[in-house]
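Novice: Below are the structure tokens for one structure; questions will follow.
The values are calculated or read from the model by the stated rules, or taken from the named source; none is laboratory data. Since this is a predicted model, take the numbers as computed values, not measurements. SASA here: full protein model, heavy atoms, side chains in, ligands and nucleic acids out. Shrake-Rupley method; radii C 1.70, N 1.55, O 1.52, S 1.80 Å.
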Amino acid sequence: MSIPTILSGPILRRAEQSHIYIWIALSNEIPIHGQLYEMGTDENKELNTNSSYETIAVDDRLFVSLVKLTTETGTLPTDQLLGYNLYFEDEDTVLNLDSFNLLSSDSQRSITYDGLAYPTFSIPSEGNKSNILFGSCRKPHGKGKDSLANVDALLNETSMNLTERPSDLFFIGDQIYADDIADSVMTTIQSLVSTIFGNQLRESLAKIEPQLLDEPYASSLDQIGSRKDLIHDLCSFTSTAATNHLIRFREFAAMYLLNWNPDLWIDAIDSETDIEDFIEALPQVRRVLANIPTYMIFDDHDTTDDWNLTQKWKEQVAQSPLGTHVVSNGLAAYWLFQGWGNDPDCFNQEFIHKMRLYFSSFKIKGRKYRDWQKQLLEFNQWHFTTPTNPAALFLDTRTQRSTDQKTLKKGAKLLKQSAWKVVSEKVKESGWKEGKPFIIVSPAPLYGVPSIGSFLNESIYPLRQLGLPVHEKFDLESWSYNEAGFYEFLQFVKNLNTSHCFILSGDAHCSYSLHSTISSEQTEHQLYQFTSSPIHNKSFRGIVSTLFKLIASNERSFEKKTIVDDQLVNEHVDYLLTTEGDLLHTNNHISLLSMDHKRAVLRLLTADEKTPFKTYPPIYFNDQEARTKNR
């Protein structure tokens, strides 16, 4: 396999009025600079562009860069279609994206939309309409079509219409599946690893876990489909789909590259496998990611299923050197491929220096390794805010949770007390003002589906009293499964003092929406939760899907009264129906939240149905009569 110069990208990341970031992975260390354009009907105007970049050398043939672009005035135009190009100075030759057939309209590799010379984006001004796409759970061998292909079609259709064009893309977890990997995908990962990474002896796992030198682990480590016992015995992980679980950092890196670049799959996969639809959609996926500001937060599968699910899980993995190493690799790969571009200012030079030092050798057991691992495992700044309209706060509900082994009938607190202080400070630093709409992005939903939740609480949780590991079979991870954590979330929202609070979540492998009115004493708060999953991992099909929908429809609303800190808190929750009458959607899809100063409208962009959109009734902000209808 020949190695392309561009291993992945370009991916448009954080975009605000002062600057934008573009992420790209190359197989050579090449100086990069960028150019911004103001896109016109007849011609494209070059903007006086200031360009800088930072590169992380991961291995001999993997160099990951963030390119920062702004104008000489320090301000980018808003409500205007903007474009960009990247230039690569390779010895005496200057190449750009067009040199790789990425800007050619007649090329299947093109990342431009019809009639446009460059990948494009816009930055909506405050109060103008924004269209935010969001969803979670995208697995290569997942069933059904990839919803991001439908996003590509929508962007192509609306590329010049900024009122309707999607303005931002939120990935809410499980962007990769580090545990659940098909044999054919693992074969491709191993092939890519052997091609890209020069020194295969680096990251010597036997120095972490000597049992890897003995059978059966020695032969199962690199044998396709044979890692499950190794993962359970030597890592203390609980994933049930772990036969090809990622272990080494270079395997995590290869998985990310394959998730975003169609060029790396050439002649690698038998067309009869389940991932044919996934591979077929990758050119569209690549084009989507080049043309919309994208923000990403992890959930469990980005590292391993059940990550930090219970106190027992945390303690067992902490006592496993190999398990701790794999978690560290998952976090390091998340930072390099996802987290870095969310808000680069969150990562100071000391953080980046420690990452560079470890990547320079992948030497196990030395000081570089200890500093690298300690930094990742103790880092508490994965939360971030976005410069979107309205602003959004992304929560890390994996590494900052609080688990209590004594409370057998409760799930974990998804954010511990110290984490709430961190996220409160991030909201303050973002410049968001009280009394305006606000978005909270939580991979785990605030509310589950009540009738399904009742079944799990009444029939599944009691089994824990018998010592059965039901948390490892059922991800009971919505905020509502821990009452104290749930009301801490509500207190945080109350302190924000938003006009309307929108909670975007994923994880559930289904879509549902609700409106919650929460009142205590003389205060009342309106919450809207929109849960969107999966993008490409349809889990409930046929009779199972039908059964889930029937169970969910049994209870469309509920009320709850709770004493919290000596105050009576009233909750009234209504589950919302689409205009087609659906409460629960289980097919692959991604959601689109459109919002201006008057109203918000939620639509589901479906991947496997004849009807491209399923729409919810609008939510009005100001008109009292319309707000009453929202309930």
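Novice: Just from its helices, what would the mean residue ellipticity at 222 nm be for the chain, if runs of 4 or more DSSP H residues each count -39500 (n - 2.57) and the sum is divided by every residue, rounded to the nearest 500 deg cm²/dmol? Please report the intermediate quantities before stating the final value.
Specialist: Working: 15 runs with 163 residues, N = 631.
About -8000 deg cm²/dmol.
Novice: Which semi-axis lengths, in whole Å and largest first, follow from the square roots of five times the eigenvalues of the Cα gyration tensor of the chain?
Specialist: 35, 32, 23
Novice: Sticking with this one: Could you list the square roots of 5 times each eigenvalue of the Cα gyration tensor of the range 559-602, that is, the equivalent ellipsoid semi-axes, sorted largest first and rounded to whole Å?
Specialist: So the three semi-axes of the range 559-602 are 30, 17, 10 Å.
Novice: Next question, about the same structure. In square angstrom, what is the accessible area per residue of the range 239-365 with a 1.4 angstrom probe?
Specialist: With all protein chains present, the range 239-365 gives 29 Å² per residue.
Novice: While we're on this one: Ignoring ligands, DNA and RNA, what percent of the 1.4 Å accessible area of the chain is carbon and sulfur?
Specialist: Numbers: 11330 of 24800 Å².
Here carbon and sulfur together make up 46 percent of the probe-accessible area.
Novice: Measuring with a 1.4 Å probe in the full set of protein chains, what accessible area per residue, in whole Å², belongs to the range 131-232? Could you put the intermediate results ahead of the total?
Specialist: On the way: 3560 Å² over 102 residues.
Per residue, the range 131-232 has an accessible area of 35 Å².
Novice: Compute for the range 272-426: radius of gyration divided by Kirkwood radius, i.e. Rg/Rh, restricted to C-alpha atoms, rounded to two decimals.
Specialist: 1.00
Novice: Could you quote the convex hull projected area for the range 150-197, Cα atoms only and averaged over all directions, in nm²?
Specialist: Averaged projected area of the range 150-197's Cα convex hull equals 5.7 nm².
Novice: Same structure again: Does the range 226-266 come out rounded, prolate or oblate by the C-alpha gyration tensor, with a ≥ b ≥ c the root eigenvalues, rounded set by a/c under 1.5 and, if not, prolate when a/b is larger than b/c and oblate if not?
Specialist: It is prolate, given that a/c is not under 1.5 and a/b is the larger ratio.
Novice: Quick one: Debye curve from the alpha-carbon atoms of the range 340-414 only, equal weights, vacuum; give me log10 I(q)/I(0) at q = 0.19, 0.21, 0.24 Å⁻¹ to two decimals.
Specialist: Those come out to -0.90, -0.96, -1.07, one per q.
Novice: Would you compute the Debye intensity of the range 82-226 from its alpha-carbon atoms alone, equal scatterers and no solvent, and pass along log10 I(q)/I(0) at q = 0.09, 0.12, 0.13 Å⁻¹ to two decimals?
Specialist: Here log10 of I(q) over I(0) equals -0.52, -0.82, -0.91.
Novice: Can you tell me the Rg and Dmax of the range 289-348, counting just the alpha carbons, in angstroms?
Specialist: 13.9, 44
Novice: How large is Rg/Rh for the range 196-315, to two decimals, with Cα atoms and a Kirkwood Rh?
Specialist: 1.01
Novice: Counting pairs of alpha carbon atoms under 8 Å apart in space and at least six apart in sequence, what relative contact order in percent does the chain give?
Specialist: Numbers: 1340 pairs, mean separation 91.8, N = 631.
Computed over the chain, the figure is 15 percent.
Novice: Compute the Cα gyration tensor for the range 12-62, then decide on rounded, prolate or oblate, letting a ≥ b ≥ c be the square roots of its eigenvalues: rounded whenever a/c is under 1.5, prolate when a/b is larger than b/c in the other cases, and oblate in all that remain.
Specialist: It comes out prolate by the Cα gyration axes.
Novice: Hey, which of these cross-link pairs are over 23 Å Cα-Cα: Lys139/Lys228; Lys314/Lys561; Lys374/Lys416; Lys494/Lys561; Lys368/Lys416; Lys312/Lys421?
Specialist: Lys314/Lys561; Lys368/Lys416; Lys312/Lys421, as the Cα separations exceed 23 Å there.
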